[in-house]
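The structure under discussion appears below in the form of structure tokens.
The values are calculated or read from the model by the stated rules, or taken from the named source; none is laboratory data. Every value quoted in this text rests on a predicted model; they were computed, and no experiment measured them. Here the Cβ is made from the backbone with ideal geometry for all residues, glycine too, and neighbour counts use every protein chain on show.
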Amino acid sequence: MSSKCMYTALSVAVAFSLLGQNSRAQSLAGGPRESRFETRAQLEQEARVAFNDHRDTEAAVIETRLRDGDFQEGDRIILSIDIPRVLSPDNTSFLPLGGIDTAVVRAGKVLQFVKVPRIPDLSLNGVLRSELADTVTAHLSKYVRNPTVRATPLLRLAVMGAVGKPGWYLTPSDAVLSDVIMQAGVVEKSNLSSTVVRREGATIWSSDKVRTALADGRSLDRLNLRAGDEIVVDSKRQWSVMNSVQIIAGIAAIYGVILTTRNIHK
């Protein structure tokens, strides 16, 4: 399947998921909505715990996320925007507003609204995924009445190493880590217990942390991942005839040294 077809299929699947979400979820005007993502308060608490436990890399990742937000230029977001219908200027028909759209974060971390015309761009600088729907709702509410917003941010991650189809994958950011690895294909040589997560060449999640994340069923969001991160699956060590020969030769050499030493001391 081509990357374009895969992306189209993903967009359709996420769109239906958005439509199936709880329609009673409230915006800022009606109270807090239940989030599938880490809230700012939760991240602040996690950063404090990581700092106190001297987990400096983890604390730095979370603090960067709190400061800069979750969104980068080029990120894609599937938005479902529902706006009560309004009359056309001549009062003869209703104008369709809103709908489901795949929005792209543009230069400067701004979000453009294609389905709702004449709405200014929205800056996503410093915005977390858990804050996205309410941030968009508050922005639209300045220009239209009673908008209802549902949002699914997508993550572009690399799955590399000992997998069936290494490469880049676009997936909902609340997806479980193990599901993303399964997309790339677990093969006989895959050693999941030695999987790490890297960002810009540095390891941000060690194999121990990844094993815990896989066992707990943690999502990409809970792991504080962002676009461009790499999930690297190590290979199992392969036992070969050459390994056996080398070990036997080594043992024989050691035994020979022992015999020689004994003969010298007789």
In the range 156-167, how many residues are over 15 Å from VAL210 (Cβ atoms) and either modelled with pLDDT under 95 or over 12 Å from the mean Cα position of the chain (by Cα) (or both)?
4
List pairs: first in the range 171-190 and over 14 Å from ARG218 (Cα atoms), second aromatic (Phe, Trp, Tyr) and surrounded by 15 or more Cβ atoms within 10 Å (Cβ to Cβ), Cβ under 6 Å, 6+ apart or cross-chain?
GLN183/TYR169
When only residues in the range 190-216 that are out of contact with any helix residue (DSSP H, G or I) (no Cβ under 6 Å at 6 or more places or on another chain) and crowded, with 19+ Cβ neighbours inside 10 Å count, which is farthest from ALA60 (Cα to Cα)?
SER190
Which listed residue is over 18 Å from the mean Cα position of the chain (by Cα), β-branched (Val, Ile, Thr) and under 17 Å from VAL210 (Cβ atoms), from VAL176, VAL186:
VAL186
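A quick yes/no check of all residues on (1) surrounded by fewer than 19 Cβ atoms within 10 Å (Cβ to Cβ); (2) not in a strand (DSSP E or B):
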| site | (1), (2) |
| --- | --- |
| VAL104 | yes, no |
| PRO117 | yes, yes |
| THR137 | no, yes |
| LYS142 | yes, yes |
| ARG156 | yes, no |
| LYS165 | yes, yes |
| VAL180 | no, yes |
| GLU188 | yes, yes |
